[in-house]
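What follows is a set of notes on a single structure, which appears directly below.
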There are 2 protein chains.
Amino acid sequence: MIISSRQNDRIKSIRALRERKERDASGTFFAEGERILRAALQTGAAFQLVVLAPDRLTKSEAALVDSLEEMKLPLLEVTPELFDLIALREEAQSVGAIISQRWESMSSVNETRRCWLVLNDIQHPGNLGTLIRTCDAAGGDGVILTGRSTDPYHPIAVRGSLGAVFSQRLVRASQADLARWLPGSGCTVVGTSPDGDINYREADYARKPVVIMGGNERTGISKEQIALCDQLVHVPMGGYVDSLNLSVATALVLYEVLRQREVLGSEPA
Amino acid sequence: MIISSRQNDRIKSIRALRERKERDASGTFFAEGERILRAALQTGAAFQLVVLAPDRLTKSEAALVDSLEEMKLPLLEVTPELFDLIALREEAQSVGAIISQRWESMSSVNETRRCWLVLNDIQHPGNLGTLIRTCDAAGGDGVILTGRSTDPYHPIAVRGSLGAVFSQRLVRASQADLARWLPGSGCTVVGTSPDGDINYREADYARKPVVIMGGNERTGISKEQIALCDQLVHVPMGGYVDSLNLSVATALVLYEVLRQREVLGSEPA
């Protein structure tokens with residue numbers, strides 16, 4: 001049976017996952033689009049329910065649904081119109097899924113390959129998605145969220161991450177949890193701030209793994225965060241503006257970590 | 001007289017500037033908030049009308065208004081409630097201005113200090129604002145917009161630029177204009193693409209000034225753009241995702257240009 005009514009209880013519960021309260025309560029989220037679902041599949045995410053519009057599946061979407069069916073996952077078939085009501089993205093697409101959120105606690109993190117990104121009080125899901133994506137691209141281990149940070153499982157964050165919400169490790173921690181964990185972590189803690197006393201290219205990210213501290217989009221890194229840093233770096237500016245977008249400044253530091261660790265051979269390429 | 005009615009004709013015409021059609025027709029835009037207006041003032045932007053809510057001015061906003069009054073600019077006083085209706089930003093603020101747009105044509109650009117950023121078919125004003133800000137921070141000359149690009153004078157772009165829409169040179173050009181200009185420009189043309197054959201850190205940005213080609217957020221750099229490039233570079237990826245956000249990838253290249261030109265001493269620091 002193909003569902004067409006927006007009054008259907010399962011449809012209502014999927015749409016409710018747009019709200020953080022519902023995502024937090026259920027420990028799940030709704031991911032949409034083939035690219036994101038393939039990332040979920042490839043990284044072993046826990047699918048709970050697959051939603052599709054069978055009348056509009058592309059060949060490639062149909063192949064994905066076949067793979068998901070082989071895993072004996074429950075399927076929910078809906079009309080294209082109803083799928084468009086569930087989905088947030090404008091581009092027509094025809095497959096989505098309810099997936100379990102995946103979180104680690106600070107105390108369970110006992111090894112760092114290259115680096116962690118800590119984000120405190122980050123506000124915009126689009127920025128968070130981009131930062132998770134960039135951390136993944138730079139070969140980072142994962143993202144630690146402290147304070148009142150937005151949700152990486154917000155639909156806009158999931159989309160902006162291009163699937164990196166599945167590949168990156170995600171940790172939710174208090175400042176106190178983080179402060180307890182850092183001394184035994186074996187990591188150098190680096191904060192980015194316009195007031196940093198070292199050029200970000202001159203800091204040492206190669207001898208030990210790195211924890212990069214990022215702050216709120218408007219107010220930057222907090223005093224509590226600075227107190228935990230071994231080094232405070234700045235990005236030089238050559239024009240009129242006196243600060244960079246959080247995603248941009250963090251990306252520059254992440255890629256400098258990658259460059260130094262590759263150049264200095266402190267880890268396999 | 002302090003205006004309180006949203007039916008006032010001048011208020012209606014300010015609000016109409018939210019639409020690109022009106023901005024294009026008038027050659028103006030509405031800039032809001034003290035930080036942005038200070039950037040406009042410092043860079044010699046052409047103010048047409050200053051709008052303020054005198055009952056809510058902070059001390060620092062009042063000082064700014066004094067500076068603007070000394071320039072004999074026309075002032076429009078409104079109630080705080082009406083100012084909130086005009087403004088797009090959520091945070092309470094009390095000063096804004098109608099300012100003339102500033103554009104250059106491709107043929108009038110006859111010198112490059114360090115680099116230009118070309119953006120083709122860029123869609124989101126938030127991305128455009130961030131890119132203009134980053135180009136400024138990296139000491140770039142300005143931004144050349146081709147194709148169906150969004151408007152740098154869109155309120156979200158102006159805000160995201162942190163004032164760099166005033167400090168950066170802005171050029172609107174067709175692909176044909178650009179293609180005619182490039183050979184005589186003395187610049188190396190560098191495109192960024194996941195298919196680029198050179199690591200972005202290994203390309204040479206130091207011997208000549210650089211033109212960096214950026215594409216649409218989803219579809220990337222176009223075939224027409226690639227045909228104009230001397231070098232096609234890629235940013236290495238160390239994780240699951242296979243591409244970076246446009247603003248992030250472009251920032252990495254812009255800052256590599258800055259690094260090489262500083263390190264190699266090809267220009268004054």
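Nothing in this text is a laboratory measurement; each read-out follows from the coordinates by a stated rule. Everything numeric here is computed off the predicted structure, so don't read it as measured data. Don't worry about glycine lacking a Cβ; one is built from the backbone with ideal geometry, like all the others, and counts go over all protein chains shown.
Among the residues of segment A:153-167, write down those that are of a type in the set (Phe, Trp, Tyr) and within 14 Å of another protein chain (Cβ to nearest Cβ).
If we filter segment A:153-167 for residues that are of a type in the set (Phe, Trp, Tyr), which is where we start, we get A:153, A:166.
A:Phe166 - this is the single residue of segment A:153-167 that is of a type in the set (Phe, Trp, Tyr) and within 14 Å of another protein chain (Cβ to nearest Cβ).
Taking segment B:186-210 as the range and being of a type in the set (Gly, Ala, Ser) and in contact with a strand residue (DSSP E or B) (Cβ under 9 Å, 6 or more places away or on another chain) as the test, the residues that pass are B:Gly191, B:Ser193, B:Gly196, B:Ala203.
For segment B:1-22, the candidate set comprises residues that are touching a strand residue (DSSP E or B) at 6+ places or on another chain (Cβ under 6 Å) and over 14 Å from B:Ala97 (Cβ atoms); within that set, the residue that is surrounded by the fewest Cβ atoms within 10 Å (Cβ to Cβ) is B:Ile2. Assess whether B:Val95 counts as being in contact with a Leu (Cβ under 6 Å, 6 or more places away or on another chain), within 14 Å of chain A (Cβ to nearest Cβ) and surrounded by 19 or more Cβ atoms within 10 Å (Cβ to Cβ). No. Only one of the listed residues (B:Thr146, B:Thr150) is within 25 Å of B:Leu88 (Cα to Cα), more than 10 Å from the chain's Cα centre (by Cα), away from every other protein chain (no Cβ under 13 Å) and of a type in the set (Val, Ile, Thr). That residue is B:Thr150. Filtered by the rule that a residue be hydrophobic (A, V, I, L, M, F, W, C) and either surrounded by 14 or more Cβ atoms within 10 Å (Cβ to Cβ) or assigned to a loop (DSSP other than H, G, I, E, B) (or both), segment B:76-92 gives B:Leu76, B:Val78, B:Leu82, B:Phe83, B:Ile86, B:Ala87, B:Leu88, B:Ala92.
Consider segment A:98-140. How many of its residues are part of a loop (DSSP other than H, G, I, E, B), within 14 Å of the chain's Cα centre (by Cα) and more than 10 Å from chain B (Cβ to nearest Cβ)? Qualifying residue count, segment A:98-140: 5.
Take the residues of segment A:109-139 that are farther than 23 Å from A:Ile36 by Cβ and acidic (Asp, Glu): which is surrounded by the most Cβ atoms within 10 Å (Cβ to Cβ)? Filtering segment A:109-139 for residues that are farther than 23 Å from A:Ile36 by Cβ and acidic (Asp, Glu), the one surrounded by the most Cβ atoms within 10 Å (Cβ to Cβ) comes out as A:Asp121.
Screening A:Met71 with (1) surrounded by 14 or more Cβ atoms within 10 Å (Cβ to Cβ); (2) touching a strand residue (DSSP E or B) at 6+ places or on another chain (Cβ under 8 Å) gives one miss only, at (1). All conditions in (1) surrounded by fewer than 18 Cβ atoms within 10 Å (Cβ to Cβ); (2) part of a strand (DSSP E or B) hold for B:Arg148, with the sole exception of (2).
The rows are residues; the columns are (1) surrounded by 20 or more Cβ atoms within 10 Å (Cβ to Cβ); (2) in contact with a Pro (Cβ under 9 Å, 6 or more places away or on another chain).
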site	(1), (2)
B:Leu178	yes, no
B:Gly191	yes, no
B:Asp195	no, no
B:Arg201	no, yes
B:Pro209	yes, no
B:Pro236	no, no
B:Asn245	yes, no
B:Glu256	yes, no
